[in-house]
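One structure is given below, encoded as structure tokens.
Only the coordinates and a few stated rules stand behind these numbers; no lab work does. Fair warning: this is a prediction, and the values are worked out from it, not measured in the lab. Cβ sites come from the backbone with ideal geometry, for glycine too, and all protein chains shown count toward neighbours.
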Amino acid sequence: MTTGPARPPSTISGSDPSPEASEPDAVLAGAGIAQPIPDSPAPTSPAPRPPTKRALAVREVEVKLAATPAALGRLQALPLLARLADGPPAHRHQVTTYYDTPDLALAAHGLALRVRRQSGQGGGRRVQTVKTWASDAGTAAAAGRREWEWELPVDGDGPDRALLPATLAGLLTEAQWAEVAPRFATDIRRTALLLHPDPRTTVEMALDQGEVSLSVPGAGDDTTWPVAEVELELKGGRVAALFEVAAALHHHVPLRLTTGSKADAGLRLLTGRPATAIAPHASSLTPVSTVAEGFRHTARLALGHLLENATVLLESGDVQAVRQMAAASRRLDTALRLLRLVMALPPAAPALTNPQGEAAESLRRRLTTLRTLLETARGWDRLAERVALLPDRKGAAGLSRRQRLALDHAAGQARRRLTKHLQGAGHTALVLDLAAWIEGGGWACPALDQPLKAVAPRLLADLQDKVAKALTRLDLPPPPSPGAKPTPITTKAATPDADALERLRRRVQRLHEMAEVCRGLYPVTAAKPKTPKGTKGAGTKRPAADPLAPLIRLHAAATAPASARQAARLVAQLAKTTGPGARSTRLLSRLAQEEALALAKLPATWRGYSRRRMFWTVGR
């Protein structure tokens with residue numbers, strides 16, 4: 001396709017002079033987004049073009065939006081696309097076959113080997129690609145994967161192992177390569193358009209409809225998975241433009257952000273294993289990271305983690321995905337708070353405060369509904385996990401059979417409300433707005449150019465002071481002095497109100513989350529070698545202690561009474577619905593004792609924590 005000099009102006013509001021994809025700041029890996037190999041048609045000469053012997057790994061950045069066949073038809077008729085498109089749409093028929101060993105050795109290495117046969121406008125092509133399965137989370141809410149691509153003769157069949165780089169070919173033995181065969185295939189009708197949301201940005205939009213099958217099309221009637229989705233791939237320019245285009249499409253036709261790929265669907269069909277919860281990506285902040293880099297990196301990781309597990313929850317219903325989403329929402333909240341707090345620090349006068357600080361707070365408030373639904377669902381899930389550990393015998397604390405059924409119903413209802421919210425148009429619009437804002441960089445200001453390590457101690461100290469104030473409001477008795485006789489623990493003592501307990505839990509949680517974000521700013525030093533008495537030598541190195549260990553203990557101590565109080569409230573709610581029972585009464589008594597014990601231990605835990613010098617105070 002040609003991209004003439006006269007490109008239509010952008011019709012999407014909110015565009016700002018943000019970094020382009022070719023600039024280092026657009027990708028946290030330290031390198032810009034390389035230009036992928038153009039999807040040009042095969043030459044018209046009868047002689048096939050010799051395949052390229054070497055292929056460079058490129059990084060593609062794309063956004064996937066789940067749709068329905070009817071929605072795809074409505075999208076093609078949008079006047080918006082006619083204004084942004086560079087020429088008429090190209091219609092293609094793509095049959096892609098994925099190859100692997102019977103035990104999926106390539107997938108175990110995180111790679112997918114595929115051969116795509118394409119027919120349609122411009123002639124036929126056959127392309128071999130090696131692609132990484134996992135996204136590197138380099139951009140907010142967008143999948144970033146590495147791929148190698150080679151042109152193959154059109155009349156051939158199967159992959160050409162000789163084209164693979166030695167590093168990839170060496171991952172399997174000769175015996176394993178002999179077992180590589182087709183495992184699943186996709187049969188897709190694609191309508192592709194090149195869009196120009198602004199003169200310097202090119203986005204390829206693909207409307208895909210078809211199916212994933214466990215066999216090569218035509219070889220048999222096997223299990224299939226329907227496909228109807230929109231892919232937006234950045235060919236060059238601003239990363240934020242991906243989300244601006246997606247938001248504009250979603251405004252006219254409701255869509256849903258997803259991180260699942262066609263290859264993921266094929267692998268699930270092949271193995272029969274449902275999607276499972278995904279752990280967060282490791283942070284890669286360093287002591288020289290600026291506040292802007294720390295915010296963008298943390299927000300990208302959190303938003304990507306949230307979307308990955310939202311996809312898992314919608315596809316398989318894995319309960320642990322709710323837990324991971326709750327953790328991701330807290331980390332995203334921490335990133336937005338970090339931005340707002342740094343913008344408000346002196347010497348910046350209130351009149352000079354970046355208005356984007358208010359935008360950060362507005363986005364954080366828009367996430368409140370999601371956080372509330374997640375916390376509600378997690379509350380019921382935690383109670384179910386707690387009850388499952390109790391002995392199921394007569395006379396033991398627990399729930400009756402009727403109450404257990406009511407608990408399962410309440411937990412399922414909470415997850416259904418969460419699922420309905422995730423499938424709603426409002427959630428997709430919020431995530432797209434948030435991703436565009438993060439990648440757009442309009443929030444940048446001089447205050448964010450300073451090293452994060454320079455402001456982290458003050459932020460963490462302020463959060464620590466708020467924890468101390470929340471603990472003081474509980475009015476707990478001081479811990480006994482060393483050697484003193486401990487005071488007997490009783491449930492009849494005055495207990496703090498639920499709001500005070502929840503306030504303490506939230507503040508300790510915020511301190512813990514902020515410390516986790518800043519952990520990479522302070523490299524862990526190895527412990528001194530320990531030399532046994534009576535021996536000579538350097539001794540053996542001891543593993544470095546976790547610098548967050550004291551804070552982790554404080555977090556557990558502050559969470560325990562609030563968790564017991566919440567569990568008791570939910571048990572009382574079940575008893576009110578199904579009628580009180582002897583087992584639930586004993587469970588409520590047990591939870592009251594658990595809360596009293598946790599409250600009794602809390603002052604001593606706080607005293608032990610406050611006497612420790614945390615890693616952000618060392619050297620100050």
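A few points about this structure:
- Protection proxy ranking, peptides 568-577, 201-210, 417-426, average beta carbon neighbours within 10 Å, highest first: 201-210, 568-577, 417-426
- Among the listed pairs LYS262/LYS420; LYS469/LYS576; LYS64/LYS453; LYS131/LYS235; LYS394/LYS601; LYS466/LYS601, a Cα-Cα separation exceeding 27 Å is found for LYS469/LYS576; LYS64/LYS453; LYS394/LYS601.
- Within the shell of other residues whose beta carbon sits under 11 angstrom from the beta carbon of LEU591, the net charge comes to +3, with Lys and Arg scored +1 and Asp and Glu -1.
- Region 284-447: projected area of the alpha-carbon convex hull, averaged over directions, in nm²: 12.4
- A simple spin-label model places pseudo-atoms 7 Å from Cα toward Cβ; at LEU389 and ASP499 they are separated by 3.1 nm.
- Cα-projected label distance for ARG74 with THR286, points at 7 Å along beta-carbon direction, nm: 4.8
- Length available on full extension from HIS91 to ALA425: 0.36 nm per residue minus the Cα-Cα distance, which gives 117.4 nm.
- For the pair ASP157 and ARG611, the difference between a 0.36 nm per residue extended length and the Cα-Cα distance amounts to 156.5 nm.
- Just so you know, the Rg over Rh for region 269-326 is 1.13, from Cα atoms, with Rh as the Kirkwood radius.
- Modelled spin labels at ARG569 and GLN593, positioned 7 Å past Cα toward Cβ, are 2.4 nm from each other.
- You can think of it this way: the chain between ALA545 and LYS469 has 24.5 nm of extra reach, that is 0.36 nm per residue less the Cα-Cα gap.
- Translational D in µm²/s for region 54-273 (Stokes-Einstein at 4 °C, 1.567 mPa s, Kirkwood Rh from C-alpha pairs): 71
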